[in-house]
Amino acid sequence: MDRMPTKVGSLYNAVFLAPEVRADARVMRGNADTSAYASADWELVTAWMTPKALLHPPPDYLNVSVQRLENLGLTSKLLDWYIDAVRSHFVMHALPAVKGHFSDPTLPFNLQKSTGAVQGILTLLCDALNHYMHPLMHLFHDNLVAQARFRHSFNAMIDIALSEYEFQICSLMLVDNVLSESGKKRSTDEDSAEEEDDDAMMEDKETQRHEFLVAFRTRVETLGVQDLIERTVAKVYHFFIQRYIHENYANRVEREEDEPPALTELRELIYGPIARTVQALVREDEAVCERMFELATECLARLRIGEMFNIVIGFPDSIPGLEDLKSCIKTQEHRTQLVSSFQASCQQRLLHCGVNTTDIILFYISTIKVFRLLDPRGVLLDKVSRPIRRYLRERDDTVKCIVNGLLEVDDPNTGDLSELGKELANVSGHKGDADDDNYADMNWVPDPVDAAPDFRNQRSTDFVGEFLSLYENKEVFVKEIVTVIANRLLELKNYEIDREIMHLELIKLRFGEADLHNCDVMIKDISESKRVDANIHDQAILAPGIEPVNRVFHATMLSRLFWPAFKNEELVLPPEITEQMERYAAKFSTLKSGRKLSWLTKLGSVDVTLELEDRTLRFSVSPDRASMIYLFQSSSKSLKIPVCGGGWTDYLTRQRVLFIIGTLTISEMMQRLRLDEATTRRAALFWVKNGVLKEEGDSYVLLEKAQESTQKELTIRFLVLMDETAQSSVQTAEEKATEEMRVYWSYIVGMLTNLNSLPIDRIQSFLKMLIPKELGYSRSIDELRDFLAVMIAEERLELAAGAYRLRK
Amino acid sequence: MESQNAHPAAGYSSLKMQDAPASAVDGHSVTKRLQSELMQLMMSNVPGISAFPVSDSNLCQWTGTIAGPEGTPYEGLTYKISMTFPANYPYRAPVIRFVSPMWHPNVDMSGNICLDILKEKWSAIYNVQTILLSLQSLLGEPNNASPLNAQAADQWDNNKAEYKKSLMAHYKDIEELADE
């Protein structure tokens, strides 16, 4: 290689100095012998062909020489020589010039310079090509084989020149800029729509850009490096569209009404400006657009799949985002990815102890709606909801929240789940269990391939159904529902049962009549009570010897067996009330001979009017609270007028009083009301909160005059005691569970006493079989195992070789 | 007493029913009755007596445990019994047998028991709990007028120390019994 440049250089100089003279000399020699001619011709032709700065048309005699060399079969040799010469020249001159464009170190960071460099290099190479082709075009005008051979080796040189790292960067920048320009066009159009000058300028710019592109492409085609540019365009497009989609659509799942779906927008963009640009750069081909659009779809799908959790949270505002996703999701891979990514987000953001059960339920409702829209077959929903359902089952208050939602209970602890109640009322949505065995269904299709083996087809059930199928049996819900309905019926004041009947009817549609039979009786009790109560107050059927009952005193008669167990707590009521109760009971016995009322003094509600020195307050409170405030009234000076109410032991005490007893301690109140400390404190705090009492050490003082400060002082304490509203007069499910476990335990003791030792599955099946249905045994084997583990810890059981036995 | 023990359905054709009473009554009510009796037994939790079905598939076969009452030779000992309920229970008495070897005037060596309420004086008002209580009291107060085990009856009347000795010679602990 060392030798070559010098040789070429000397030839170059020799020829360059006096080509004309030499040529003449050769011609004058005339007809010497062939080999001598050949050598002379060779020298003559090569001298002319050697690359040089100025291009001349070949002199006439040269054609003769070429012809003679051709006759001697030296054409191919001549071409070899020429390719060699061009290669040397290219390395010597063109390559350094190409590299010269990259001497600026700021180049890769400067768009203008990069564009300049790419253009410069392409121009340079085009010039070089023209230059090198010049001799061939003249001497081998008809010899296409020769031309092709030359182009082939020249292409190798171009490849070397363009494989420079810098060139690649620069061309990437150039193409990227071109694509971004076309992507941006839409928005700039909108911004400058008002100004015509701008429009003209834009148009001008557009034309310029197009011209630039055409020039660029012409050069590329001249050089035959379309493949290279195509690769670059593909690479750039890939990044471009990803960036474009992230910039324009990430976290934008909501849309204005007149805005088209993302996919339509993308299609317009790709088939419009981008297609024009790419076609200007590469070639005109419909398939390219198709491929580019596919890529964009894929990219959008990935974006939205990652955003699924937010889509569910934002539902229903996020419907446009959901529609994007729906139109993008095409492959099985997408579906799998969607499921796993959504499950991962749920695990991370939802299913941990920091989230309220209510929020999880609301999220689950949205999940159901979203995935129903996305995949009406429900396969995806089935998959993504499994972890959520599993988690919900672990939560203690799930049932309570759901039932409160269904019955639209307004409970600050469970939050607003009235959506469940509304859906429940939407009877038309519920078409009963899906009937998969309907052979006449001509629209039947098999479950999709990605359905889980135990996938249940539940198209026709609404989301309430999803919640009710959370547990293996519906009994857990029934128990809670009965409790809630019982509580609500007890709170009624006017025997108004229409709302409860409506709820009960709706609930029955889901749960069936049988399980809710008790509720029917409960409701009937209330309506019966209304009638009996009216009779008792009816002066016409006045029983002899019994004073009439005050008109504001009402009672509810309950059929004890059909109501949930009541907490049997005692409460001492004011004597005025007790007197009314006795009269009421006496009248009842005359109306229903042979039956006797037994009072549940803690249930019911009281309307109280407090007339204090500077203010009159009205409350509707529970009997224990009313009795407590009554303690503060001076018995000697009060006008005792029990007044209105409704419910079990409803009465109202109208306290037209001079409060003389100003101070009472907790223990005094406990003693006089016969309440436990917790209840007493809670009741006292209620009055403190309402500014009637004031806490002083362990005593409570009546505030005849309102005090402003009391409110603020106590705010924090009330936050702690906010759960007071959750106090239920009926045994809660939790209390019931403890009691049930006690029953189960006696069965377990029984079986282990008589059968010595048993494995856990035998114990489970015994309990399942032997415990009567009224009591119901619905524990899973895991719950049983937990319970037995507690018993082992308490040293009442021992576990040996997989079997449990009693400890002696 | 007789009419009380007749199945109500069999009331007017008692002659016919007598031959095949067991099969004629449906098993469901027996199961239900036994289930509620079990519940009652479990809930009342009387010390010293206990019984439980042998398997969850057949409620008519129970096994029971009776602790010897205090102040009797049986104090501190525990006996196992088997109870088999007929299909027309409670209109027929259950068949009850001591599984543990028993030394008692009214119990023979194969565990058969001679107790009037399990035979001719059976009534539908009795239940598992009353049977167990009767058996428990039988341990302390044998009916020596009609003994199945004459030797035991003799010892009970004349030589309590000898009685206790024979008793202990025959006694087998529940644990050993279970191992066999």
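Each reported figure results from applying straightforward, stated rules to the coordinates on display, with no laboratory input. This one's a predicted model, so the numbers in the text were calculated from it and none came from an experiment. Quick reminder, even Gly has a Cβ in these numbers, built from the backbone with ideal geometry, and neighbours come from all protein chains shown.
Legend: mean number of C-beta atoms from other chains within 10 angstrom of residue C-beta atoms, peptide B:52-59, equals 5. Going from the fewest other Cβ atoms within 10 Å to the most, the residues A:Val449, B:Val107, A:Val282 appear in the order A:Val449, A:Val282, B:Val107. Remark: relative contact order (the stretch A:733-806) = 37 percent; criterion is Cα-Cα distance under 8 angstrom and separation of 6 or more residues.
Here each label is just a point 7 Å from Cα along the line to Cβ, and for A:Ala425 and A:Glu290 those points are 5.4 nm apart.
What does the extension gain come out to for A:Tyr61 and A:Asn248, with contour length at 0.36 nm per residue minus their alpha carbon separation? Provide the component values of the computation, followed by the final result.
On the way: separation 187, 0.36 × 187 = 67.32 nm, distance 6.89 nm.
Here the segment from A:Tyr61 to A:Asn248 would lengthen by 60.4 nm.
Between B:Asp157 and A:Val521, the simple label model (points 7 Å from Cα in the Cβ direction) yields a spacing of 5.7 nm. Modelled label positions at B:Ser137 and B:Ala124, each set 7 Å beyond Cα in the direction of Cβ, lie 2.4 nm from each other.
Using θ = phi - 60° in the Karplus curve 6.51 cos²θ - 1.76 cosθ + 1.60, the 3J(HN,Hα) couplings for the stretch B:76-88 round to x, 9, 10, 10, 9, 10, 10, 10, 10, 9, x, 5, 9 Hz; x is entered for Gly and Pro.
Phi-derived couplings, Karplus 6.51 cos²θ - 1.76 cosθ + 1.60 at θ = phi - 60°, listed residue by residue for the stretch A:392-406: 4, 4, 6, 6, 5, 9, 4, 4, 4, 4, 5, 5, 4, x, 4 Hz, with x used for Gly and Pro. The string of couplings for the stretch A:131-136 from the Karplus curve (6.51, -1.76, 1.60, θ = phi - 60°) is 4, 5, 6, 3, x, 4 Hz, one whole number per residue in order, with x for Gly and Pro. Here B:Cys60, A:Cys328, A:Cys401 are placed in order of increasing Cβ neighbour count within 10 Å, fewest first, which gives B:Cys60, A:Cys328, A:Cys401. P(r) tail, the stretch A:733-806: Cα-Cα pairs separated by more than 22 Å, 15% of all pairs. Under 5 Å from the amide H of B:Asn112 lie the amide H atoms of B:Phe98, each residue being 5 or more positions distant or on a separate chain, with H modelled from the backbone and absent for Pro and chain starts. Taking amide H atoms as placed 1.01 Å from N in the peptide plane, the amide H of B:Met83 lies under 5 Å from those of B:Trp62, B:Thr63, B:Gly64, each 5 or more residues away in sequence or on another chain.
Using a 10 Å cut-off on Cβ atoms, rank the peptides A:375-385, B:165-175, A:339-349 from the highest mean neighbour count down.
Listed from highest to lowest mean packing, they are A:375-385, A:339-349, B:165-175.
Derived from the Cα gyration tensor, the three semi-axes of the equivalent ellipsoid of the stretch A:102-171 are 31, 12, 7 Å, largest first.
Close amide H partners of A:Leu797, meaning residues 5 or more places away or on another chain with modelled amide H under 5 Å apart, are A:Ile792, A:Arg807. Going from the residue with the fewest nearby Cβ atoms within 10 Å to the one with the most, A:Ile274, B:Ile125 rank B:Ile125, A:Ile274. For the residues of B:64-70, the average number of beta carbons from a partner chain within 10 Å of their own beta carbon is 1.
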